[in-house]
Amino acid sequence: MDISVIIPLYNEAESLPELHAWIKRVMDEHGFSYEIIFVNDGSTDESWQVIERLAAENPEVEGIKFRRNYGKSPALYCGFHRAEGDVVITMDADLQDSPDEIPELRRMIVEDGYDLVSGYKQKRYDPLSKTIPTKLFNATARKVSGIKNLHDFNCGLKAYRREVVKNIEVYGEMHRYIPYLAKNAGFTKIGEKVVHHQARKYGSTKFGLDRFVNGYLDLMTLWFLSKFGKKPMHVFGLWGSLMFILGFIAVVVVGANKLVALSTGTPARLVTDSPYFYLSLTMMLLGTQLFVAGFLGDLISRNSEQRNDYQIEKEI
């Protein structure tokens with residue numbers, strides 16, 4: 001099969017027939033063999049009834065229905081697991097992504113050899129309250145991930161080589177960072193294509209401003225796991241040891257000053273009256289806790305089923 005199109009959705013019943021017809025027209029014009037996988041993320045409208053009707057009338061349509069709303073990442077995870085096409089396309093169900101982009105996205109994967117191609121909505125039909133935070137978010141994501149050629153990490157329109165979606169795990173709200181997940185899995189040829197962005201035709205957006213806060217937290221989590229996920233002692237143990245040593249040196253200095261004062265007969269206040277004494281003890285305690293946290297993290301990592309989960313490209 002040439003292409004799998006995965007469409008996560010939540011309350012998009014009005015747009016689904018038009019979106020399906022648009023995708024079908026594009027695929028038939030180019031002679032692609034394809035499947036369309038609609039993932040209904042706990043919709044409360046008539047979305048699932050529409051999907052059932054489309055599936056009954058069109059053999060290329062498949063559907064997955066969640067019992068409740070889990071989020072976009074779980075929807076993509078299930079879609080990736082189901083996909084059978086050589087190239088996998090993801091797109092939103094709100095008609096803001098154009099299916100006319102699919103042939104060129106596929107060509108970049110098949111002919112240009114990209115592992116992943118992300119859409120870039122250079123001209124957006126969104127309010128400033130959404131576009132400005134998006135620019136700040138993408139600038140931070142480029143800096144942290146090291147993928148400097150992507151301008152729009154969160155664009156729903158993306159194309160993947162089949163091996164990519166079968167070797168990454170999208171969880172939580174990590175759908176924003178699929179290029180970063182792919183890079184960490186060893187798929188480093190990541191490209192970008194400027195795509196057409198359309199104004200929403202039906203309904204309203206399902207995302208609020210809280211996604212930007214959650215997005216930064218997820219980015220920090222992903223960065224830490226990619227750097228130290230298999231070796232937590234390297235960060236916790238290092239900083240814990242440094243804090244303990246500095247605290248111990250500070251305690252010695254406080255004690256030495258007291259001894260010098262006693263030997264020379266100089267009046268000196270009690271060691272326990274000095275704020276430096278308590279700061280030193282606090283540093284030693286925090287250092288010990290960080291070191292123990294690193295040790296426990298290493299024990300957990302060593303007992304994890306994924307401790308030797310390495311990406312092997314070929315064997316002979």
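Going highest first, how would you order 256-269, 35-48 by mean Cβ packing within 10 Å?
35-48, 256-269
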| task | Compute the acute angle (0 to 90°) between the alpha-carbon long axis of helix 275-302 and the principal axis of greatest extent of the alpha-carbon atoms of the chain; round to the nearest 10°. | result | 40 degrees
| Relative contact order for the chain using alpha-carbon pairs under 8 Å, separation at least 6, rounded to a whole percent? | 17 percent
| task | Excluding residue 171 itself, calculate the net charge of residues whose Cβ lies under 13 Å from the Cβ of residue 171, where each Lys or Arg counts +1 and each Asp or Glu counts -1. | result | -1
| remark: Largest first and rounded to whole Å, the semi-axes √(5λ) derived from the alpha carbon gyration tensor of segment 1-115 read 23, 15, 12
| Under a GNM of the chain (C-alpha, springs under 10 Å), which listed residue has the highest mean-square fluctuation: 235, 254, 26? | 254
| task | Pick out which of 82, 68, 162 has the largest mean-square fluctuation in a Gaussian network model of the chain, springs linking Cα atoms closer than 10 Å. | result | 68
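What is the percent carbon and sulfur in the accessible area of segment 1-147, measuring with a 1.4 Å probe over the protein chains and ignoring ligands?
Carbon-and-sulfur percentage of accessible area, whole number: 49.
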| remark: Residues other than residue 156 with Cβ under 11 Å of its Cβ, Lys/Arg counted +1 and Asp/Glu -1, net out at 0
| field | Links that overshoot a 20 Å alpha carbon limit, given the list 193/227; 148/183; 121/158; 148/189; 166/193 | value | 193/227; 166/193
| note | Given a Förster distance of 30 Å, the FRET efficiency implied by the Cβ-Cβ spacing of residue 227 and residue 292, rounded to the nearest 0.05, works out to 0.90
| field | Accessible area in square angstrom per residue, segment 254-299, 1.4 angstrom probe | value | 70 Å²
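Ratio of Rg to Rh for the chain, alpha carbon only, Kirkwood?
Reported Rg/Rh, Kirkwood definition of Rh: 1.17.
Among 134-142, 91-99, how do they line up by average Cβ neighbours within 10 Å per residue, starting with the highest?
91-99, 134-142
Which of rounded, prolate, oblate describes segment 61-124, given a ≥ b ≥ c as roots of the alpha-carbon gyration tensor eigenvalues and a/c under 1.5 marking rounded, otherwise prolate only if a/b is larger than b/c? Don't skip to the end; give the middle numbers.
On the way: a/c = 2.20, a/b = 1.42, b/c = 1.55.
Oblate, because a/c is 1.5 or more while a/b does not exceed b/c.
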| task | Hey, can you find the accessible area per residue of segment 1-148 for me, probe 1.4 Å, expressed in square angstrom? | result | 45 Å²
| task | Give a residue-ordered list of calculated ³J(HN,Hα) values for segment 177-194 (Karplus: 6.51 cos²θ - 1.76 cosθ + 1.60, θ = phi - 60°; whole Hz; x for Gly, Pro). | result | 10, 4, x, 5, 4, 5, 4, 5, 8, x, 9, 9, 8, 10, x, 9, 9, 5
| query | Going by the alpha-carbon gyration tensor, a ≥ b ≥ c the square roots of its eigenvalues, is segment 230-288 rounded (a/c under 1.5) or, if a/c is not under 1.5, prolate (a/b greater than b/c) versus oblate? | reply | prolate
| How large is the charge dipole for the chain, taken about the Cα centre, if only the Cβ atoms of Lys, Arg (+1) and Asp, Glu (-1) carry charge, to the nearest 20 debye? | 1620 debye
| For helix 47-57, what angle does its Cα long axis make with the longest principal axis of the chain, in degrees from 0 to 90 and rounded to 10? | 40 degrees
| Mean projection area, nm², convex hull over Cα of segment 29-88 | 4.8 nm²
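Pull up the DSSP beta bridges for the chain and report the antiparallel fraction as a percent, rounded to 5.
Around 30 percent of the beta bridges assigned by DSSP in the chain are antiparallel ones.
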| query | Taking Cα atoms, how many degrees apart are the long axis of helix 210-228 and the longest axis of the chain, rounded to 10 and kept between 0 and 90? | reply | 70 degrees
| message | I want to verify the translational diffusion coefficient of segment 53-192 in µm²/s; compute it with Stokes-Einstein, Rh as the Kirkwood radius over Cα pairs, at 4 °C and 1.567 mPa s. | response | 81 µm²/s
| message | Looking at the chain as a GNM with Cα springs under 10 Å, which of 174, 283, 108 has the largest mean-square fluctuation? | response | 283
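The values are calculated or read from the model by the stated rules, or taken from the named source; none is laboratory data. As the structure is a computational prediction, the values presented were derived from the model and not from experiment. Positions of Cβ are generated from backbone atoms using ideal geometry, with glycine treated the same way; all protein chains shown enter the neighbour counts. All accessible areas refer to the heavy atoms of the entire protein, side chains included, with ligands and DNA or RNA removed. Shrake-Rupley method; radii C 1.70, N 1.55, O 1.52, S 1.80 Å.
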